[in-house]
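Single-structure report; data block below.
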Amino acid sequence: MTSDDMGMKGTLYTCPMHPEIRRQAPGICPKCGMSLEPVLPTLEEEANPELDDFQRRFWWTLPLTVGITVLAMFGHWLEWFDMRTQSWIELALSLPVVLWAGWPFFVRGRCVECERSPNMWTLIGWGPVRPSF
Ligand SMILES: [Zn+2]
């Protein structure tokens, strides 16, 4: 075990909004759903798995989002499909975007609801679901 490993092992993590929350490992604040940050941040460039996950979900669903936008905005001009078929295609393209790309928001929003303190994650999580269904 290197000295770096030992240093990371003793790192404490806290919520930027709730400094009373202290954990031995990175995670999510039980009060507001934000990512826990090291109490003593380092200047070293560290991997950010949360950012990597959000970027992966964004880039994989971007083509679907472009397809939905084109169909919704120009579908009646293009007349590629009848309206009933187009609606089903839009639903099929929307479901992965809403459910898979939005999954982290739903998890955090639900976690916060368990603590009975709805906040921005609850709002973000419910935002795409309400108009979709
Ligand atoms: Zn918090």
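Quick one: order 122, 14 by neighbouring beta-carbon count within 10 Å, fewest to most. Can you show the working numbers first?
On the way: 122 20, 14 17.
With the fewest neighbours first, 122, 14 line up as 14, 122.
So how strong a dipole does the range 1-105 carry about its Cα centre when Lys and Arg Cβ are +1 and Asp and Glu Cβ are -1, to the nearest 20 debye? Before the final figure, lay out each step's value.
On the way: 7 positive and 13 negative charges, 78 e Å.
The dipole of the range 1-105 has a size of about 380 debye.
Where in the range 3-98 are there chymotrypsin sites (Phe, Trp or Tyr not before Pro) that are in a DSSP coil and have at most 13 other Cβ atoms within 10 angstrom of their Cβ? Intermediate results must be reported in sequence, preceding the final value.
Details: sites: 13, 54, 58, 59, 60, 74, 77, 80, 81, 88; in loops: 80, 81.
In loop regions of the range 3-98 (DSSP not H, G, I, E or B), the sparsely surrounded chymotrypsin sites (Phe, Trp or Tyr not before Pro) are 80.
Considering the options 78, 98, 64, tell which one lies farthest towards the positive end of the dipole of the range 49-132, charges being +1 on Lys and Arg and -1 on Asp and Glu at the Cβ, about the Cα centre.
About the Cα centre, the residue reaching furthest to the positive side is 98.
List 18, 76 from most exposed to least, where exposure is judged by having the fewest other Cβ atoms within 10 Å.
Values: 18 14, 76 10.
Going from sparsest to densest Cβ surroundings: 76, 18.
Neighbouring Cβ atoms within 10 Å as the yardstick, rank 65, 42 fewest first.
42, 65
Indicate the gyration tensor shape class of the range 49-132 (rounded, prolate or oblate), computed on the Cα atoms with a ≥ b ≥ c the square roots of the eigenvalues: a/c under 1.5 is rounded; otherwise a/b larger than b/c is prolate and the rest oblate. Walk me through the numbers on the way to the answer.
Working: a/c = 3.51, a/b = 1.97, b/c = 1.78.
Judged from the Cα gyration tensor, the range 49-132 comes out prolate (a/c at least 1.5, a/b above b/c).
A short reminder: the numbers here are calculations on the coordinates, not readings from a lab. Predicted model, so just to flag it, every value in this text is computed and none were measured. No Cβ is skipped: glycine too gets one built from the backbone with ideal geometry, and neighbour counts run over all protein chains shown.
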